[in-house]
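Shown next, in structure tokens, is the structure this report addresses.
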Amino acid sequence: MGSIENGASNIGKGRIVDFRSDTVTKPTAAMREAMANVEVEDDVLDVDPSVDQLQKQTAKLMGKEAGLFVPSGTMGNLIAVLVHCEVRGSETILGTESHISVYEQGGMATLGGVHPRTVPNNPDGTMELSKLEAAIRYELDDHLPITRLICLENTQARCGGRCISAEYTDAVGELAKSYGLQLHIDGARIFNASIALGVTPERLVRAADSVSVCLSKGIGAPVGTVLVGTSEFIIKARRLRKALGGGMRQFGILAAAGLVGLRDMVGRLEVDHANARIMAEGLNAVKGLHVNMALVETNIIYAEVTSDSALTNTEIVEVWKEYGVLAMIYGRNMIRLVTHYHITEDDVSFALSFFKTTSLQTSRNSSTSGRKNIAEIVDVCC
Ligand SMILES: *Cc1c(COP(=O)(O)O)cnc(C)c1O
């Protein structure tokens, strides 16, 4: 329902259910009201009161000393890496599937001169401790960069929104400490992990020296990430934010939305997780699609297009789009779907029920369009 009312892209086109990402979430009515009414100051010259409040509140939630509001998760991660690796010739260890490694243009290398060293992610989003340890370079050997940082991601998005446990994070923290390294957590979806595991965010990130916390994913704020860490770390981070062009003036307009997000949106993430399970089970019942249900812990679903399907993932996503259901192709044979607060259980039922319609429609058209019959992939679930 919310998707219809709030989706600008669906005007005149009927019902749209947008499973592409939780980044498509638009600010709630309460956020817009808070944004309209908030008192603002120049947060570069002075301190904007709601930016200050957002930073302090997020830092407290994460059990850290201080916070810094930045425009994006990418900037939060970049600043964290560059502060931890401020000595030239430093190296960061991170997962092959990490957002920082895959989706941030290698900013740590191209902008910061930091060498990224990747270790394979296990299907559950972790990395083997033995492989992490083997990747650490600490010898004073002129051939080698010096490792100064390990990055984790929680939830691990490309592994399926998998939750990284507090115990595993502690173990990586211990390893890092034993070699004098720092630990950064890309916590773009840390609240999803916290809700799914029933563990406070503070506990999940206790071993970390810094965490970036996105407000514009499932939390629904229009913009922003809060980077948290020690006060000393945040002083350096603030300087770097300015150099990167992320110092913002009446930033309180955006902080106000973030504060409403922290207040209203964290607890309801369990609804997204429940809807993701229903959607995943429905998709898994479709011949030609396979969802490994064990991987669906939070709000991200990866459906594999199997050899039983007459259509490729690209073709399936195109057909779905004609019926107002938006998803993303992922790799050669996967489709990614993400639930969020615009998607209700009724939207999930709608998305699942239209397979039948799709089947009829495509069968009718198939002789003229030459398209392979979609019935094979759609005939089971309704
Ligand atoms: C979305 C995301 C980010 C940052 O994204 P921005 O679009 O730069 O805000 C970082 N890490 C993960 C895991 C993400 O999902």
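Values for this structure:
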item	result
Placed amide H near ALA188: partners under 5 Å, 5+ positions off or other chain	ASN154, CYS214
Spin-label model distance (nm) - GLU133 vs GLU39, 7 Å beyond Cα toward Cβ	5.5
Zone residues, the range 99-124, relative to ALA294, backbone N less than 13 Å from point 7 Å out along Cα-to-Cβ	123-124
R0 of 35 Å, Cβ-Cβ distance LEU244-GLU270: FRET efficiency to nearest 0.05	0.50
Integer Hz, Karplus 6.51/-1.76/1.60 couplings in order for the range 329-338, x for Gly and Pro	6, 9, x, 7, 9, 10, 10, 9, 10, 10
Average Cα contact separation per residue, the range 29-264, under 8 Å, 6 or more apart, as relative contact order %	31
Max mean-square fluctuation residue, GNM over the chain, Cα-Cα springs under 10 Å, options VAL51, VAL87, VAL205	VAL87
Per-residue ³J(HN,Hα) for the range 185-195, Karplus 6.51 cos²θ - 1.76 cosθ + 1.60, θ = phi - 60°, Hz, x for Gly and Pro	10, 7, x, 3, 10, 5, 5, 4, 5, 4, 5
Most mobile of GLY220, GLY106, GLY258 in a GNM of the chain (Cα contacts under 10 Å)	GLY106
Listed residues PHE69, PHE354, PHE191, most fluctuating in the chain (Gaussian network, C-alpha, under 10 Å)	PHE354
Amide H within-cut-off set for HIS115, under 5 Å, with H built and near neighbours excluded	SER90, GLU91, THR92
Fraction of accessible area attributable to carbon and sulfur, the range 208-300 (%, probe 1.4 Å)	55
Cα-based radius of gyration of the range 29-264 once divided by 2.2 N^0.38 Å, which approximates compact folds	0.98
Placed amide H near SER21: partners under 5 Å, 5+ positions off or other chain	VAL338
Solvent-accessible area per residue, Å², over the chain with all protein chains present [probe radius 1.4 Å]	43
The range 102-172-the range 185-263 distance, computed between alpha-carbon centres (Å)	20
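The values are calculated or read from the model by the stated rules, or taken from the named source; none is laboratory data. Since this is a predicted model, take the numbers as computed values, not measurements. Heads up, the Cβs are rebuilt from the backbone with ideal geometry, glycines too, and the neighbour counts pull from every protein chain shown. With ligands, DNA and RNA removed, areas are computed over all heavy atoms of the protein, side chains included. Shrake-Rupley method; radii C 1.70, N 1.55, O 1.52, S 1.80 Å.
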